[in-house]
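Structure first, then comments.
The values are calculated or read from the model by the stated rules, or taken from the named source; none is laboratory data. As the structure is a prediction and not an experimental result, all values here were calculated from the model. For neighbour counting, all protein chains shown are included, and Cβ atoms are generated from backbone atoms with ideal geometry for every residue, glycine included.
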Amino acid sequence: MTKDVLDEITTTRPLVILFAGLHSLCANSMALRQLGHDPKVHDGILLEGDCFRTFSQLNAIPNEVLDQWVDETAADAA
């Protein structure tokens, strides 16, 4: 997965895919911008330190907000 592949899925919402090993993730352009990376020069694959910092940012999002995002995404998918 790369930024370009995830951008094909959506460019209107930040999209992050976390891998089971928890040492890497992929992000689309919108997510990269929100996480402080320049999508023009970044491939969207975050490893080790960058990935761990992103986990911290994602963990800071209140559960109520995450629940709302999940509900909206599920409704859009249905």
Give segment 1-29 a look and list any residue that's within 16 Å of GLN57 (Cβ to Cβ), of a type in the set (A, V, I, L, M) and not in a loop (DSSP other than H, G, I, E, B), or say none.
VAL16, ILE17, LEU18, LEU25, ALA27
Do we have ALA75 as outside any loop (DSSP other than H, G, I, E, B), surrounded by fewer than 10 Cβ atoms within 10 Å (Cβ to Cβ) and modelled with pLDDT of 85 or more here?
yes
Where residues in segment 32-45 are without any contact (Cβ under 8 Å) to a residue 24 or more places away in the chain and either assigned to a helix (DSSP H, G or I) or more than 10 Å from the chain's Cα centre (by Cα) (or both), which of them is farthest from ALA77 (Cα to Cα)?
VAL41
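Can you say whether GLU64 is at positive phi, among the acidic types (Asp, Glu) and either modelled with pLDDT of 90 or more or surrounded by fewer than 17 Cβ atoms within 10 Å (Cβ to Cβ) (or both), as far as the supplied structure shows?
Against the criterion (at positive phi, among the acidic types (Asp, Glu) and either modelled with pLDDT of 90 or more or surrounded by fewer than 17 Cβ atoms within 10 Å (Cβ to Cβ) (or both)), GLU64 does not qualify.
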Listed by first then second residue, the pairs whose first member lies in segment 5-18 and is free of Cβ contacts under 8 Å to residues at least 60 places away in the same chain, whose partner is part of a loop (DSSP other than H, G, I, E, B) and small (Gly, Ala, Ser), with beta carbons under 9 Å and at least 6 positions apart or on separate chains, are VAL5/GLY44; LEU6/GLY44; ASP7/GLY44
Kindly evaluate GLY49 against the criterion of being outside any helix (DSSP H, G or I), out of contact with any Phe, Trp or Tyr (no Cβ under 8 Å at 6 or more places or on another chain), of a type outside the set (Lys, Arg) and exposed (fewer than 13 other Cβ atoms within 10 Å of the Cβ).
no
Would you please name the residue that is nearest to GLU72 (Cα to Cα), looking only at residues in segment 1-17 that are hydrophobic (A, V, I, L, M, F, W, C) and exposed (fewer than 15 other Cβ atoms within 10 Å of the Cβ)?
ILE9
Within the set of pairs 6 or more residues apart or between chains, which connect a residue that is without any contact (Cβ under 8 Å) to a residue 24 or more places away in the chain inside segment 46-67 to a residue that is assigned to a helix (DSSP H, G or I) and surrounded by 10 or more Cβ atoms within 10 Å (Cβ to Cβ) with Cβ atoms less than 6 Å apart?
LEU46/THR54
